[in-house]
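Below: the structure, in structure tokens.
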Amino acid sequence: MNAAPLPVARAASLLLGFLLLLLFCLDHGVLAKELKFVTLVFRHGDRSPIETFPNDPIKESSWPQGFGQLTQLGIQQHYELGEYIRKRYSKFLNESYNHQQIYIRSTDVDRTLMSAMANLAALFPPEGTSIWNPNLLWQPIPVHTVSLPEDRLLYLPFRNCPRFQELESETLKSEEFQKRLHPYKDFIETLPKLSGFHSQDLFGIWSKIYDPLYCESVHNFTLPTWATEDTITKLRELSELSLLSLYGIHKQKEKSRLQGGVLVNEILNDVKSVTQASSDRKLVMYSAHDTTLSGLQMALEVYNGKLPPYASCHFMELYLDKGQYFMEMFYRNETQHEPHPLTLPGCTHSCPLEKFAELVAPVLPQDWSAECRITSDHQELKNKSLFVSFGPGTFMFLLKKQKSNFPGRFDT
Ligand code: PT3
């Protein structure tokens, strides 16, 4: 007997059911790639110099808020980044701020705290019932921090690590570093007479000569006549070499375990909590420095060798695609261009989470203090200097914290 053809109404209802199922699957990430969790690490916005060279006629008093402070341009840059983040994640984030889903941490420095706040003003303007003043479309969003001596996550480089100090001096003596430095030797000799800064230390040349000149040029100050285009280029290249040699050039993996790997570890732990459904977090934002961004990117081996621009942002996105988790990374280092996709060496741009964790495992510290070779003598010395710099009250408070809240973090 031949099967009778389905009546049209029954066929239509079957088709509708199928379409609804497809929609459900798409919406729940069964078929489509679904964003699950985002971590952002960014540099603060434009600032005044932190210090300058002795011969600089432009002194601290030339800057409206003195040295090291976020400028109005810096506020605008972070507001713009906040707007971009809002757009990029408009479907992923709730309409308004939700404290269970969002966490922001900054270093305890005015410029990073203020950058985070400017960013959040654009990212989470109040909407609907969260509007508390119709004339001010802004709402307070918490920005967490820890004091700088306690910061074992964002305030890179962690210098109170004896093994890292050893690696730094080995780097300076290494053939590779000397080879890269060689073309600049004569130029470096000319700097003390011009600038009044008498050290050949690259980090000093960066922070005390190149950086203030850069800040001054952004703010249209007249530069000294010796600061020609060619001189500025050489100073920039030496600053880039300083940053590269801080985290790389010699024993990069071991350095990363003591520096950027700490942050990679934290990010992976957050990601794991999300995949194990033990966290409702959707977005974690870290407001930090050029040395934080580059330390992270060096640990992930995706650093481009350039000084990270103001408000540049490293994106780490976790996706669920057909039941499998993937990590994707992007770097936003210019506003006119969509963030550049980054690929972890050994993987594809969209990297299966298991493979990602396996590839970064060599830079995750197992026991940071032990790997830094911190001895009890070193700890005692540090306690003495904390006592001197903070006074007995703060010292006892920090010591208590060290023993209770921060096992393994503040144990240097
Ligand atoms: O500009 O990103 C930056 C620097 O890291 C800055 O914020 C800083 O803290 N520098 C300290 C070393 C001089």
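The values are calculated or read from the model by the stated rules, or taken from the named source; none is laboratory data. Quick caveat, the model's predicted, so the values are computed rather than measured. Note that each Cβ is placed from the backbone with ideal geometry, even for glycine, and that neighbours are counted across all protein chains shown. We work out accessible area using only protein heavy atoms, side chains counted, and drop any ligands, DNA or RNA first. Shrake-Rupley method; radii C 1.70, N 1.55, O 1.52, S 1.80 Å.
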Next item on the list: Specify the residue that is farthest from Arg281 (Cα to Cα); the eligible residues are those in region 118-149 that are away from the ligand (no atom under 16 Å from the Cβ) and either of a type in the set (Asp, Glu) or crowded, with 20+ Cβ neighbours inside 10 Å (or both).
Entry: Glu127
Next item on the list: Please find, among His78, His99, the residue that is within 16 Å of the ligand (Cβ to nearest atom) and either assigned to a helix (DSSP H, G or I) or modelled with pLDDT of 95 or more (or both).
Entry: His78
Check: Does at least one position in region 239-250 carry a residue that is surrounded by 16 or more Cβ atoms within 10 Å (Cβ to Cβ), more than 14 Å from the ligand (Cβ to nearest atom) and within 18 Å of Glu60 (Cα to Cα)?
Finding: no
Check: When Gln336 is evaluated against the numbered criteria (1) open to solvent by 50 Å² or more (accessible area, probe 1.4 Å); (2) closer than 30 Å to Phe124 by Cβ; (3) within 16 Å of the ligand (Cβ to nearest atom), which criterion, by number, is the only one it fails?
Finding: (3)
Check: Condition test on Arg105, is it part of a strand (DSSP E or B) and either within 16 Å of the ligand (Cβ to nearest atom) or on the phi < 0 side of the Ramachandran plot (or both)?
Finding: yes
Notebook entry, point to check: Going through region 46-75 one residue at a time, which ones are of a type in the set (S, T, N, Q), in contact with a Gly (Cβ under 7 Å, 6 or more places away or on another chain) and within 16 Å of the ligand (Cβ to nearest atom)?
Noted result: Ser48
Check: For residues in region 358-388 being hydrophobic (A, V, I, L, M, F, W, C) and crowded, with 16+ Cβ neighbours inside 10 Å, which is modelled with the lowest pLDDT?
Finding: Leu386
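Table: residues versus (1) surrounded by fewer than 18 Cβ atoms within 10 Å (Cβ to Cβ); (2) in a loop (DSSP other than H, G, I, E, B).
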site	(1), (2)
Leu153	no, yes
Pro157	no, yes
Asn160	yes, yes
Arg180	yes, no
Leu194	yes, no
Ser199	yes, yes
Ile209	no, no
Cys215	no, no
Note to self: What's the number of the only condition in (1) assigned to a helix (DSSP H, G or I); (2) surrounded by 23 or more Cβ atoms within 10 Å (Cβ to Cβ) that Ala311 fails to meet?
What the structure shows: (1)
Notebook entry, point to check: What is the one condition in (1) more than 14 Å from the ligand (Cβ to nearest atom); (2) touching a residue at least 12 places away in the same chain (Cβ under 8 Å); (3) part of a loop (DSSP other than H, G, I, E, B) that Val271 does not satisfy?
Noted result: (3)
Item checked: Only listed residue being in contact with an Asp or Glu (Cβ under 7 Å, 6 or more places away or on another chain) and in contact (Cβ under 8 Å) with a residue 40 or more places away in the chain, chosen from Gly248, Gly295, Gly305, Gly261 -> Gly305
